[in-house]
Every structure is written in C-alpha cells, then in structure tokens.
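Right, one structure below, let's go through it.
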Amino acid sequence: MFDNLSTKLDRAFKTLKGQGSITEINVAQTIKEVRRALVDADVNYKVAKTVTDKIKDEAMGRDVLIAVSPGQLMVKIVHEELTELMGGEKQDINIKGDPAIILIAGLQGSGKTTFTGKLANFLKKQNRQVLVAACDVYRPAAIDQLKVLAGQVGVDVYSNLEEKNPVKIAQEAIAHAKQTGKKVVIIDTAGRLAVDEAMMNEIAEIKRAINPTETLFVVDSMTGQDAVNTAKTFNERINFDGVVLTKLDGDSRGGAALSIRAVVEKPIKFISTGEKMEALDLFYPDRMAQRILGMGDVISLVERA
Amino acid sequence: EKTKTNFFDQLSKAVVGKSKVDEEVLDDLEEMLVHSDVGVGTTIKIIKRIEERVARDKYVSTSELDKILREEVAALLEENSSGKGTELSLPAGIKPYVIMVVGVNGVGKTTTIGKLASQFHKAGKKVVLGAADTFRAAAVDQLIIWGERVGVPVISHGMNTDPASVAFDAVKKGVEMDADVVIIDTAGRLHNKVGLMNELSKIKRVMQKFIEEAPHEVLLVLDGSTGQNAVLQATEFTKATDVTALAITKLDGTAKGGVVIGISDEFKIPVKYIGVGEKIDDLQVFNKYEFVDSLFSQNKK
Ligand SMILES: Nc1nc2c(ncn2[C@@H]2O[C@H](COP(=O)(O)OP(=O)(O)OP(=O)(O)O)[C@@H](O)[C@H]2O)c(=O)[nH]1
Ligand SMILES: Nc1nc2c(ncn2[C@@H]2O[C@H](COP(=O)(O)OP(=O)(O)OP(=O)(O)O)[C@@H](O)[C@H]2O)c(=O)[nH]1
Ligand SMILES: [Mg+2]
Ligand SMILES: [Mg+2]
C-alpha cells in the first residue's frame, strides 16, 4: 500500500535531477514528497509541515555548487534539519539526591513497568542501591509484574496491597528507601490517557507530593499522529524532564520521537529495545534522524544519483 | 484550528459543479485524513475515489459532498461478517468456537479477552480462557484475575511453559466442558521477530490436532494510537496466522485509529471490536459509520 521512502524520494528527486539550481517551482514537489515521507514515518503532520517549510527555505537559500546534484543537496539538508531537531547531544538523567527519585509516567501499555525494571538494572550495574515502587493500583497483576522484573534484576520492591492511593504508596516507598539506605527510588505508575482528567490529576498529585529529581515520560515508538497531543498534555501536567522511547526493536520509523521533540522540546534520554531487562540504550539523536529518514535507503539513493 | 463546517464548505466550494477537485482543497483533505493516521497511501486512494465520483455525478451539492466523503471512507472498511454488527454474536453450529488473540506488545490483548469473556458470559455462553502468554512477567496472573472477575475458568500451566500445550489443553477443556467459546491469550510479539511469529503458527498447529478447524477466529489486536507501523503488523500477522478479524483498542483517547481503514481495505479483514477503556464493559462491537464520524469530528477542536 505504501511506497517505501526510497521509492518516494527517488520519484521526487527525479524532478530535481539534472537541474542546476533549486528553484521554487522544482522544489515544491520534492518538498511535498519529503513531507509525505515524514508523515508515513509517523511524524506529526503539522510538525512535518514546519520541518519541510524550514527545509524549503534552506534549499532556496543555498547555492547549488556545480559538483553537487540538487538531489544530493536536498538529502543533506533534510538530514541536517532532522538531526538538529532531534536535539544534538545526548543527555543523561539526574540521579543526584538522597535518595534520587525518578517518576515514570505514560500511556497504557507503553512500557513503563518494563522500563522501571530496566532502569533499576542499569543503575544497579553502576553500583547504586535501587528501590522500585509499585504505584499502579489499577491494572490486574501490575504489582506482581514489577515484583517479577525486580526479582530478575535483583533489586527490592516496595508495595502495599492494602493501600489504594498511589500518592501514599510513593511517599511510603521513599520513607522506606531512606530507612534502608537506598540511593535511588524508581516510581512505576499506572498507564493513563491524557484526556482522563482524574488520572491526570492523580499523576500531578504524585509528582507534587514526592518532588522527583527526574520525571520520565515513556512513549511507544509506534505511536502515530496522537503522540503530540499526549506529550503536550503530560508535559503541561507534570513538566517531565525527559522521554523514554520504547519498542525500538520493532521496525517503526519512530517519527513520534521527532514530533514530541518538536512540540515539547524535552530530550529523549533512553531507548528501550526489547523485553529483556538488558535491552536499554542511551539515545543518539543522529541515529534517530537516520531511522526516521531511512538513511540506509537515502544513502543508496544518493549513490545511484 | 479549522472547524468541521469550514472544511466541508471549502471542499464543496472547490468541487461543486467541477469535474476535478482542485489541488489546495485536496491538500486540506489530505491533511485531515493523515492527521487521523489514515496514512498517505490510503488518503490518496480516498481522494481518487472522490474525484471519480465527482466526475461521474457532475453536480455535487454541499450536503452531498459531506455524505460522499463519509461513504467513500466507509466503503473501504470491510463489512463485519457477523452481520449488522451491533451485538456480539457467535456463528451457529461451531462449538466450541475457538478464538486466538494476537498482536504486538502492550496493545491490549489480555484486557480485550477479559472484556470479551465478560460479554459472552453475560450472554449466557460458556467461556474458557487459555493463558498461553507464558512469557511476560505476571501475564498468567493478569488473565487469572480477569477470569475471576468474569467468573470463567482459566486454563494455565504457569509461567515459562509451552504456550502451544496450554492452548491445546484449553481447547480440550472447552470440549470436555461443552463450552461455547474458548479464547486463547498469547504473548505480545513484535511482528519482525521471526522466531516469535513462527511460535504462533505452532500454537495453531497444535490446537488443530484436537479440533481441525481451530482457531475459528484469529483476532489481531491493534492499538488505536499506533501509526503506520500497524500496516506492517497486519502484514506479518496475516502471513503467520491468517488473521480473520481486528480489534482496535484505546479509542477512548484522542487517537483516531485511522490506520485501520487502509488495513481493512488491503487485507479484506473486518474490524469486529473496539476497546474504549480499561473497565470490563469498555468493549463495543465495531460500527463503521460511527467510526467514520469520529474520524471527521476531530477537526471541531
Ligand atoms: N519488544 C519490546 N517490548 C517491550 C519493550 N518495552 C516493553 N515491552 C513490552 O510491552 C508490553 C507492555 O509493557 P509494560 O511495561 O507492561 O507497559 P506499561 O506501560 O507498564 O503498561 P501499563 O502499566 O498497563 O500501562 C509488555 O509485553 C512488555 O514486555 C521494548 O522495548 N521492546
Ligand atoms: N484506555 C484504555 N486502555 C486500555 C484499553 N485496552 C487495554 N488497555 C490498557 O492497556 C494496557 C495493556 O493492556 P494488556 O491487555 O495488558 O495488553 P497486552 O496486549 O495483553 O500486553 P502484552 O501481553 O504485554 O503484550 C493495560 O494498562 C490496559 O488496562 C482500552 O481500550 N482503553
Ligand atoms: Mg505498568
Ligand atoms: Mg497480555
């Protein structure tokens, strides 16, 4: 049903090929194709528009050297713009504090609990004393799930089956961490939709009550156009410090990453690449830009030009 | 933000009395559709169909245009084989009717099974669940809790056991108990993982040793907030298991699930259910006209 990116750009670049300069007319069709390619990579439509407008200006403003074909220049410009948008340098999480408190939030099924286990594992390997807190009181067996994962990585779990208020559980967990000399507490919370007022109030309340050192928004890399709405609302309510992009072991282009970055201007700090506890990576903006663009495709395209 | 009326006004102005819809309006239509995750390919297809209609019918009034657009989009959605599609139904003469539920990680398979079990149970059907996700942490416990909520038996061998043999036993138990429906939960798996996809084919084969036609239904669950990757999911799951129906979850959010239009059209698979929340009653039988309406209502914002 969908052409792949390479075919699309190939078609678009045909328009440009053999032409000495990028003019308004011959660039319009290419820009449209690039925009469609971005949208098919799940970049939000409006973000794609902004990005391609910028690319267009950039293309118009640059003189095309005789040695360089317009097609190649376009690819270069697109790649540069995306990399810049993805946020330049990679950024670490803040684990200062005694204990450092890391709050995890996001939509249902995005991979929060799994990431909580992975982050605990990651920090434990740096010889930090970690406690994970089971604050999802809604999803069936959510607490058991966290217990199993914590068991796999060998960190302690705080849970309270009698308590139905996640704010209280989070506070208890932090007190417990202090008593037991833990240096980092990771708070796993229930999945929630941005439009669920009661649940959004709850997460805001948790954040207010525990004043975390780091708040992370976990998002599925397969998310489509709605990623923008969700990220915006979560950011308005909990002003998160960074984003975790999950399920990148799949074959999604991950355009949501670009949309979120463009809309909330918060760095992506980790990527999750599998169900195993070791499948966690730091985020590299240039790699993500390449993934969205399908750089493998694009590079071969340039070589053929 | 554009309003809905605005959009249709504009669209009509451009097409009324013309044989071709002009570029700018089509760009707007494209924007509206891709914004609901319909995707560029399907969007272009929809636009072509509208152009053809306009060319054929010559004159199109404002009110007709709205209707045409809705009709053309709805036409891409496969008709639900179980009929009009307002009530949950099981085909007559198959007992137990075996449903295998598949999909990528975290889309809502287990929850959908809990809700489905509840609806069948309420309709007086005898239901058996099979906990064949033996991989994800506490997946068996999760299904068991759903089984308790609904009040139906869950067949399980515990974690890290062979999923195919759980499925086999669930089907066997279904026959022994004279159940009407057996629903098999499976572990979430990304469609690009060949080993895991082959496991699904194996689960199917093993069930077929007991009931040759099983599973009678393979329900692919798609997360309504997923973008164009859902097309690849449908492609690979269809290859591995002959998907017969779709469920779209999490439509209680702001995501529109538009990607399903292209999927239903390309693979000729009907959407059967939609998930609209985490509670036991938050499952609805899919109604394509309501779905199309919700697609167009987003521009009201
Ligand atoms: N392939 C893959 N699967 C993942 C990844 N991260 C999480 N998962 C799987 O995605 C599913 C959902 O993950 P969870 O950690 O339960 O998600 P959650 O956000 O805690 O879900 P709720 O608590 O229900 O909102 C599980 O099957 C996980 O094993 C990843 O990076 N890759
Ligand atoms: N808002 C909303 N949440 C849903 C819906 N369906 C499922 N969920 C939630 O999504 C999360 C994941 O659901 P599960 O049923 O565990 O998904 P799954 O596909 O079985 O996940 P894995 O087995 O880990 O692959 C849970 O928090 C559910 O409560 C829905 O229709 N709306
Ligand atoms: Mg969780
Ligand atoms: Mg499940």
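Simple spin-label model, 7 Å along Cα-to-Cβ: B:GLU176 to A:ASN239 in nm?
Spacing of the two 7 Å Cα→Cβ label points: 6.0 nm.
If you bin the C-alpha pair distances of the protein assembly as shown every 10 Å from 0, what whole percents do you get?
That works out to 3, 16, 25, 25, 18, 9, 2, 0, in percent per bin.
Would you please put B:129-137, A:239-247, A:54-62 in order of how densely packed they are, using the mean number of other Cβ atoms within 10 angstrom per residue and starting with the highest?
Working: B:129-137: 25.3, A:239-247: 23.0, A:54-62: 15.9.
In decreasing order of mean packing, B:129-137, A:239-247, A:54-62 become B:129-137, A:239-247, A:54-62.
To the nearest 20 debye, what charge dipole does the range A:47-180 have about its Cα centre, counting +1 at the Cβ of each Lys and Arg and -1 at the Cβ of each Asp and Glu?
On the way: 17 positive and 16 negative charges, 73 e Å.
The dipole of the range A:47-180 has a size of about 340 debye.
Which of B:ALA92, B:ALA164, B:ALA230 ends up with the largest GNM mean-square fluctuation for chain B, with Cα atoms connected below 10 Å?
B:ALA92
Would you pull out the residues with amide H under 5 Å of A:ILE101's amide H, same chain only if 5 or more places away, H placed 1.01 Å from N?
Amide H neighbours of A:ILE101: A:VAL185, A:THR213, A:GLU214.
Which of B:GLY253, B:GLY158, B:GLY93 ends up with the largest GNM mean-square fluctuation for chain B, with Cα atoms connected below 10 Å?
Looking only at B:GLY253, B:GLY158, B:GLY93, the largest GNM fluctuation is found for B:GLY93.
Using the Cα centre as the reference, give the magnitude of the dipole from point charges on the C-beta atoms of the protein assembly as shown (Lys, Arg: +1; Asp, Glu: -1; all else neutral), rounded to the nearest 20 debye.
On the way: 80 positive and 85 negative charges, 99 e Å.
I would put it at about 480 debye.
Am I reading the B/A interface right? What is its buried accessible area, both sides, 1.4 Å probe, to the nearest 100 Å²? Before the final figure, lay out the partial values.
On the way: alone 13620 and 14180 Å², together 24050 Å².
It comes to approximately 3700 Å² buried between B and A.
Counting only other chains, and only Cβ atoms inside 10 Å, what mean value do you get across the residues of B:276-289?
On the way: counts 0, 3, 10, 0, 0, 0, 0, 0, 0, 0, 0, 0, 0, 0.
Per residue, the number of nearby Cβ atoms from other chains is 1 on average.
Determine the gain in length on full extension of the stretch B:GLU51-B:LYS239; use 0.36 nm per residue of separation and subtract their C-alpha separation, reporting nm with one decimal. Before the final figure, lay out the partial values.
Working: separation 188, 0.36 × 188 = 67.68 nm, distance 3.36 nm.
Here the segment from B:GLU51 to B:LYS239 would lengthen by 64.3 nm.
Tell me, what does the Kirkwood hydrodynamic radius of the range B:188-278 come to in angstroms if you use every pair of distinct C-alpha atoms? Please report the intermediate quantities before stating the final value.
Working: mean 1/r = 0.0726 Å⁻¹.
Value: 13.8 Å, from the Cα pair sum.
Between B:LYS122 and B:GLU148, with labels modelled 7 Å along Cα→Cβ, what's the label distance in nm to one decimal, could you check?
With each label placed 7 Å out from Cα toward Cβ, I get 2.2 nm.
How far apart, in nanometres, would the label points at A:ASN127 and B:GLU71 be if each is projected 7 angstrom from Cα along the Cα-to-Cβ direction?
7.4 nm
If you scale each eigenvalue of the Cα gyration tensor by 5 and take the root, what three semi-axes come out for chain B, rounded to whole angstrom and sorted largest first?
The three semi-axes for chain B are 40, 18, 17 Å.
So how much slack lies between A:GLU197 and A:ASP286, counting 0.36 nm per residue of separation and subtracting their Cα-Cα distance, in nm? Write out the running numbers ahead of the final one.
On the way: separation 89, 0.36 × 89 = 32.04 nm, distance 3.62 nm.
Gain on stretching A:GLU197 to A:ASP286: 28.4 nm.
I'd like the antiparallel share, as a percent to the nearest 5, of DSSP beta bridges with both residues in the protein assembly as shown. Please report the intermediate quantities before stating the final value.
Numbers: 7 of 58 bridges.
The answer is about 10 percent antiparallel.
How do A:SER272, B:SER89 stack up against each other in accessible area, from largest to smallest, with a 1.4 angstrom probe? Numbers along the way, then the final one.
Details: A:SER272 5, B:SER89 45 Å².
Listed by decreasing accessible area, they come as B:SER89, A:SER272.
By per-residue mean of other Cβ atoms within 10 Å, what is the highest-first order of A:106-117, B:143-154? Show your work: numbers first, answer last.
Values: A:106-117: 26.7, B:143-154: 19.3.
Ranking, from highest mean packing down: A:106-117, B:143-154.
Of B:THR254, B:SER36, A:GLY109, whose Cα points farthest to the positive end of the dipole of the protein assembly as shown (charges on the beta-carbon: +1 Lys, Arg; -1 Asp, Glu; origin at the Cα centre)?
The listed residue farthest towards the positive side: A:GLY109.
The values are calculated or read from the model by the stated rules, or taken from the named source; none is laboratory data. Note that this is a predicted model, so its numbers are computed, not measured. Methodologically, a virtual Cβ is constructed for each residue, glycine included, from the backbone with ideal geometry; neighbour enumeration extends over all protein chains shown. Note: areas computed on protein heavy atoms with side chains; ligands, DNA, RNA excluded. Shrake-Rupley method; radii C 1.70, N 1.55, O 1.52, S 1.80 Å.
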